[in-house]
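Below: the structure, in structure tokens.
All of the numbers you see were taken from the coordinates with simple rules; none came from a lab. On a predicted model such as this, the values are computed, not experimentally measured, just so you know. Cβ placement follows ideal geometry from the backbone for every residue including glycine, while neighbour counts extend to all protein chains displayed.
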Amino acid sequence: MASGDNIVLVGFMGTGKTSVGKLVAGRLFMRFVDMDGMIENKAGKTVSRIFVEDGEPAFRAMERAMVVELSSRTGLVVATGGGIVLNPDNIADFSRTGLVVCLWAEPATIVDRLKDDNTRPLLAGDDKMERLRSILEKRRPLYEAIPNLIRTDGLSAAAVADLVAEMYGRPR
Ligand code: S3P
């Protein structure tokens, strides 16, 4: 990767994009940004409220605009929202200005990490675990299509951050 290129962490909810991203940014002296947080700041409300009040398509449009904005910047470690793979233009744009790394975890790992989480609108309601498994399986081919993929099951965030930093330092 050329110096200044971004590092973009993609992956399902609960794969560790935010915790790993913060560690990588600290290690490589880059700036960490969280896409959902930026969307929330811009919209003046939480992602959950955006889903309820404006609907998922409106959220995806905000997300798309944020991808365009962030992929024009440099030196960032970006933790993306889990759904950015749904629009191939998002991955194409991020790939032009950075290293896109997918963090993968098996459903059992994610179920365990998210069982007490109430912040994800797509998992709101009673049949949360069923929904989580079904969304993950549907998206699996989209995540697995990303060439740089780290299987995070059983790894600490620090160990995953090491692997990401190593990928970034590797000549292409
Ligand atoms: C989503 C993941 C969330 C957030 C929104 C939708 C998804 O981000 O963008 O709730 O479609 O997978 P995290 O992956 O950070 O939880």
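Pairing each residue of region 5-28 that is touching a residue at least 24 places away in the same chain (Cβ under 8 Å) with any residue that is part of a helix (DSSP H, G or I) and charged (D, E, K, R), provided the two are 6+ apart or on different chains, yields C-beta distances under 8 Å for Leu9/Lys17; Val10/Lys17; Gly11/Lys17; Phe12/Arg139; Gly14/Arg113.
Scanning region 66-105 for residues that are more than 16 Å from the ligand (Cβ to nearest atom) and in a loop (DSSP other than H, G, I, E, B), which turns out surrounded by the fewest Cβ atoms within 10 Å (Cβ to Cβ)? Of everything passing the filter in region 66-105, Ser72 is surrounded by the fewest Cβ atoms within 10 Å (Cβ to Cβ). Among the conditions (1) assigned to a helix (DSSP H, G or I); (2) within 11 Å of the ligand (Cβ to nearest atom); (3) under 18 Å from Val100 (Cβ atoms), the only one that Leu9 does not satisfy is (1).
A single entry from Thr80, Thr109, Thr74, Thr97 fulfils the requirement of being out of contact with any Asp or Glu (no Cβ under 6 Å at 6 or more places or on another chain), over 19 Å from Arg170 (Cα atoms) and of a type in the set (S, T, N, Q): Thr80.
Yes/no matrix, rows are residues, columns are (1) small (Gly, Ala, Ser); (2) closer than 17 Å to Met66 by Cα; (3) within 12 Å of the ligand (Cβ to nearest atom):
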| position | (1), (2), (3) |
| --- | --- |
| Gly16 | yes, no, yes |
| Lys22 | no, no, no |
| Arg27 | no, no, no |
| Met30 | no, no, no |
| Asp34 | no, yes, yes |
| Lys42 | no, yes, no |
| Glu53 | no, no, no |
| Glu56 | no, yes, yes |
